[in-house]
Amino acid sequence: MAPHLNIVPSMFVLLLLFISASKVQSDAFDVVAKFGAKADGKTDLSKPFLDAWKEACASVTPSTVVIPKGTYLLSKVNLEGPCKAPIEINVQGTIQAPADPSAFKDPNWVRFYSVENFKMFGGGIFDGQGSIAYEKNTCENREFRSKLPVNIRFDFVTNALIQDITSKDSKLFHINVFACKNITLERLKIEAPDESPNTDGIHMGKSEGVNIIASDIKTGDDCISIGDGTKNMVIKEITCGPGHGISIGSLGKFQNEEPVEGIKISNCTITNTSNGARIKTWPGEHGGAVSEIHFEDITMNNVSSPILIDQQYCPWNK
């Protein structure tokens, strides 16, 4: 009798996609060799990176943008699709954001928008250099916080695999997934000090078929936070802590939020966190629904509130 393969449908689609794509020789677009980028930690990578992306995205055959080993300064970049064929980014180096938060006028640093059949891999690091931002990000300073950038944004991305990437010291969230479908994040490392505010490891909303697998998350806020409109999600083999645990929400703060349903979280270890498995909703605000939530085989060590369903969520004690 053949062995049973327990593969999430969206993961199976991604597996087939990248197996078939790998059979076709991809064109390589090296940001250093072809587009003049300098791994000196001072020269802005933005234009070489964007030029390489645009050329690769216009290719009618599968293509790969390569960022070789070294340290690069990146002011910001917005990488848009749709592309004409599957596209990959092989990040081998360390990409650093400007340390000064005033360099950012909106909450974007590295953003992928409207891309399909996408893969990012390579063992590279996205370093948000957030230490200055942590000192100024207080409850009273909301205008300052509104301009802090997320390290990596995936907006309207479909059929994607993000693998073997590190996000370090983001000024705000590390990774934000919005309006995406069939996206897998695997073997990620997320690192920020336990006192760093609002540095959620991975946040998502209005997305379906998100899989987060075999990742290590150490941060100052939720390791994973699940916003409204998230459906059919799998989280497994996560090491979380320090941080605030794995949370659904917060929900109910805004009108017309979409239901959260079909979330399975399993085989995770949560250590030295304020919360473990949590659902949080705002009091007296707007209605909503959360259903089909499964936390299974969760190991917790030194967790203040291992299981918390909080319908009076009030982070600023107002």
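The values are calculated or read from the model by the stated rules, or taken from the named source; none is laboratory data. Computed from a predicted model, the values in this text were never measured in an experiment. Backbone-built Cβ (ideal geometry, glycine too); neighbour counts: all protein chains shown. Please note that ligands, DNA and RNA were not included when accessible areas were found on the heavy atoms of the full protein model with its side chains. Shrake-Rupley method; radii C 1.70, N 1.55, O 1.52, S 1.80 Å.
Defining a contact as two alpha carbons under 8 Å apart and six or more residues distant in sequence, what relative contact order in percent does the chain show? Once divided by the residue count of the chain, the mean separation gives 10 percent.
Between 0 and 90 degrees, the angle of helix 9-22 with respect to the longest Cα principal axis of the chain falls at about 10 degrees.
Using the Cβ of Ser274 as centre and a radius below 13 Å, the other residues enclosed give a net charge of -3, where K and R count +1 and D and E count -1. Per residue, the stretch 154-257 exposes 30 Å² of accessible surface when a 1.4 Å probe is rolled over the protein heavy atoms with every protein chain present. Work out the charge dipole of the chain with +1 on the Cβ of Lys and Arg and -1 on the Cβ of Asp and Glu about the Cα centre, then indicate which of Ala97, Ala58, Asn232 is farthest towards its positive end. Of the candidates, Ala58 comes out farthest on the positive side.
Helix 46-57 and the longest principal axis of the C-alpha atoms of the chain enclose an angle of approximately 80°. Highest mean packing first, where packing is the average number of other Cβ atoms within 10 Å per residue, the peptides 87-98, 294-305, 162-173 line up as 162-173, 87-98, 294-305.
Here the extension length gained between Lys42 and Arg187 equals 49.3 nm, from 0.36 nm per residue of separation less the Cα-Cα distance. Pairs exceeding a 22 Å alpha-carbon distance, out of Lys171/Lys264; Lys147/Lys189; Lys76/Lys253; Lys69/Lys119; Lys34/Lys76; Lys34/Lys181: Lys171/Lys264; Lys147/Lys189; Lys76/Lys253; Lys34/Lys181. Label-to-label distance, Ser291 versus Phe254, with points set 7 angstrom from Cα along the beta-carbon direction: 2.3 nm.
Taking the Cα centre of the chain as origin and charging only Cβ (+1 Lys, Arg; -1 Asp, Glu), how large is the dipole, in debye to the nearest 20?
About 540 debye.
Length gained on full extension, Glu195 to Glu143, computed as 0.36 nm times the residue gap minus the Cα-Cα distance: 16.7 nm. For the stretch 141-167, the residues whose backbone nitrogen is under 16 Å from a point 7 Å from the Cα of Trp316, taken along Cα to Cβ, are 141-148. Per-residue extension of 0.36 nm, minus the Cα-Cα distance of Glu55 and Asn78, leaves a gain of 6.9 nm for this segment.
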